[in-house]
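The values are calculated or read from the model by the stated rules, or taken from the named source; none is laboratory data. What you see is a predicted model; the values in this text were computed from it and never measured. Glycine gets a Cβ as well: all are built from the backbone with ideal geometry, and neighbour counts include every protein chain shown. Accessible surface is based on the protein model in full, side chains and every heavy atom, while ligands, DNA and RNA are left aside. Shrake-Rupley method; radii C 1.70, N 1.55, O 1.52, S 1.80 Å.
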Amino acid sequence: MFAVEPMEGESLSHFLGRVRRRNHLSPSALGQLAGIGAKIARWERFHLNPFPSDADLKALGEVVGVEGGRLRLMLPPLGEGMIFEPIRLCGTCYDELPCHKIEWQFKSVWKCQKHGLKLLSKCPNCGKKFKTPALWEFGECDRCFLPFAQMRKYEKII
């Protein structure tokens with residue numbers, strides 16, 4: 001496997017997508033390599049019920065070369081609710097570090113904690129909802145191709 005380094009605050013969905021693209025794997029192929037079956041596809045869509053076990057994260061970590069504890073940081077803390085849709089993003093954060101942050105999907109979060117900007121839930125140019133972060137290959141809207149980093153111009157201070 002080609003190694004992929006996790007980014008600070010990155011969601012598991014985004015990280016798994018990067019790992020799969022770098023190694024030309026489908027979600028099911030990565031799940032088979034880790035011995036955890038179809039769980040990868042569910043995790044990429046933020047379907048975390050049941051919550052990933054330490055054993056599952058350890059098995060995945062052995063395949064991707066990342067400790068299970070580090071993978072745990074890519075998940076919500078226990079007791080924190082998640083929203084599956086819409087996928088949200090702070091264009092200013094993305095411009096600084098091009099990854100989807102797990103905190104953007106917390107139910108308790110509706111603005112960027114760092115910049116005080118309302119999180120975007122669709123492309124401000126064409127109105128298309130964002131795809132699952134695992135599919136963010138080029139860091140842009142998949143309809144109009146506006147880069148996520150350029151969406152910072154459309155964000156509003158709360």
**OP:** State yes or no: is P98 over 28 Å from G116 (Cβ atoms) and either open to solvent by less than 20 Å² (accessible area, probe 1.4 Å) or in contact (Cβ under 8 Å) with a residue 24 or more places away in the chain (or both)?
**Re:** no
Original post:
Between residues in the range 57-69 that are closer than 14 Å to R20 by Cα and touching a residue at least 40 places away in the same chain (Cβ under 8 Å) and residues that are assigned to a helix (DSSP H, G or I) and open to solvent by 20 Å² or more (accessible area, probe 1.4 Å), which pairs lie under 7 Å by C-beta distance while being six or more apart or on different chains?
Top reply: V63/L33
Original post:
Here is a list of conditions, (1) of a type in the set (F, W, Y); (2) buried (at least 18 other Cβ atoms within 10 Å of the Cβ); (3) farther than 18 Å from F46 by Cβ, and Y154 meets all of them except one; can you say which number that is?
Top reply: (2)
**OP:** Give just the number: which of (1) touching a His at 6+ places or on another chain (Cβ under 8 Å); (2) over 24 Å from A34 (Cα atoms) does H100 not satisfy?
**Re:** (2)
**OP:** Look through the range 45-95, keep the residues that are aliphatic (A, V, I, L, M) and part of a helix (DSSP H, G or I), and return whichever of them is surrounded by the most Cβ atoms within 10 Å (Cβ to Cβ).
**Re:** L60
